[in-house]
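Below is one structure, written out as structure tokens; comments come after it.
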Amino acid sequence: MIGSWALIFLLGVFALAVLSGSTAAVAGFGIGSLLTPLLAASFGTATAVAAVAIPHAAATALRCWRLRSNIDWTVVRSFGLLSAAGGLIGALLYTRFSNAALTLILGLLLLSTAVATIVDLPSRLRVRGAVIGVLGLLSGLFGGLAGNQGGLRAAAMLSLSLSPVRYVATATATAMMVDLVRTPIYVWQAGGVLQSLIEPLSVATVGVLIGTVLGERILLGLSIRQFRYAISVLIGMLGVWLVVQGSK
């Protein structure tokens, strides 16, 4: 028998999971950014990072399959592989670093990116070549260390001038590569702790899958200008939240 508070918590997890799945379908990121804080408040950051990786991987796999025909494999073979390498390193080290410091740095980076994108700096000063690769490595590293990779990855990929659907499909394929290398490590390091979280993890997984399907309806109706602005706002909001959390 589930208690009233436990039921409220599960309903909250489900609602946020649907929202995060929809957000990720539109922007290419959002599941880890939205779900991790909720679970961290109840179970601790290290456990939350490992736990959220499971619904994140499920939703990413579904989104990757549904958008597979729009993936830019040239980007995946360069930017994606470097992201996966960074994710592997980060996952191996995620319990050894201060999440507060990492969160603050990442938040400042995302805020800077949001402002730059809103004033259309990418069209005036495009990031190219090795710099994009470095950002791919860093996004994977942060994804492995603190469970947040999408914002930095989204920021880097804005310079690639991809259409909205192609952008999300390619970002999703990159996220899938990171999930493939980090999730087994998380599960191994978290051990039996995740077994006690079967209920919220199941609810979260169902929620993000539903949100993924719902979000695709929004994605297909966006213009490139609307899409870029929406991503910038999301990155900025995430940046503000991360700065606040990292400053505590």
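The values are calculated or read from the model by the stated rules, or taken from the named source; none is laboratory data. Owing to the predicted nature of the structure, the values given are computational and were not obtained by experimental measurement. Every residue, glycine among them, receives a Cβ derived from its backbone with ideal geometry; neighbour counts consider all protein chains shown.
Among the listed residues A230, A154, A171, identify the single one that is assigned to a helix (DSSP H, G or I), more than 13 Å from the chain's Cα centre (by Cα) and not β-branched (V, I, T). One residue alone meets the criteria, A230. Only one entry in G207, G211, G236 is among the small types (G, A, S), part of a helix (DSSP H, G or I), more than 17 Å from L38 (Cβ to Cβ) and at pLDDT 75 or above, namely G236. Considering only region 7-23, state which residues are without any contact (Cβ under 8 Å) to a residue 60 or more places away in the chain and of a type in the set (A, V, I, L, M, F, W, C). Within region 7-23, L7, I8, L11 qualify.
Here's a check for you: in region 170-186, which residue that is hydrophobic (A, V, I, L, M, F, W, C) and more than 18 Å from I235 (Cα to Cα) is surrounded by the most Cβ atoms within 10 Å (Cβ to Cβ)?
Filtering first and then ranking leaves V178.
The number of residues in region 28-62 being hydrophobic (A, V, I, L, M, F, W, C) and within 26 Å of A169 (Cβ to Cβ) comes to 13.
So that you can scan it fast, the table gives a plain yes or no per residue for (1) within 24 Å of L160 (Cβ to Cβ); (2) in contact (Cβ under 8 Å) with a residue 24 or more places away in the chain:
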| position | (1), (2) |
| --- | --- |
| A25 | yes, yes |
| L34 | no, no |
| A48 | no, yes |
| A61 | yes, yes |
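May I ask you to verify whether S202 is more than 19 Å from S69 (Cα to Cα) and crowded, with 23+ Cβ neighbours inside 10 Å? Here the answer is no, as S202 does not meet what is asked.
Filtering region 40-69 to residues that are aromatic (F, W, Y) and surrounded by fewer than 17 Cβ atoms within 10 Å (Cβ to Cβ) leaves only W65. The set of residues from region 30-66 being over 11 Å from L201 (Cβ atoms), modelled with pLDDT of 90 or more and of a type in the set (A, V, I, L, M, F, W, C) comprises A57, A59, A61, L62, C64, W65. Set side by side, the residues L138, L121, L110 differ, and just one is modelled with pLDDT under 80 and under 17 Å from the mean Cα position of the chain (by Cα), which is L110. Whenever a residue of region 129-152 is in contact (Cβ under 8 Å) with a residue 24 or more places away in the chain, its partners that are among the small types (G, A, S) and outside any helix (DSSP H, G or I), lying with C-beta atoms within less than 9 angstrom and at least six residues away or across chains, give the pairs G150/G28; G150/G30; G151/G30. Can we say F29 is surrounded by 21 or more Cβ atoms within 10 Å (Cβ to Cβ) and among the hydrophobic types (A, V, I, L, M, F, W, C)? Considered against the rule, which asks whether it is surrounded by 21 or more Cβ atoms within 10 Å (Cβ to Cβ) and among the hydrophobic types (A, V, I, L, M, F, W, C), F29 comes out as yes.
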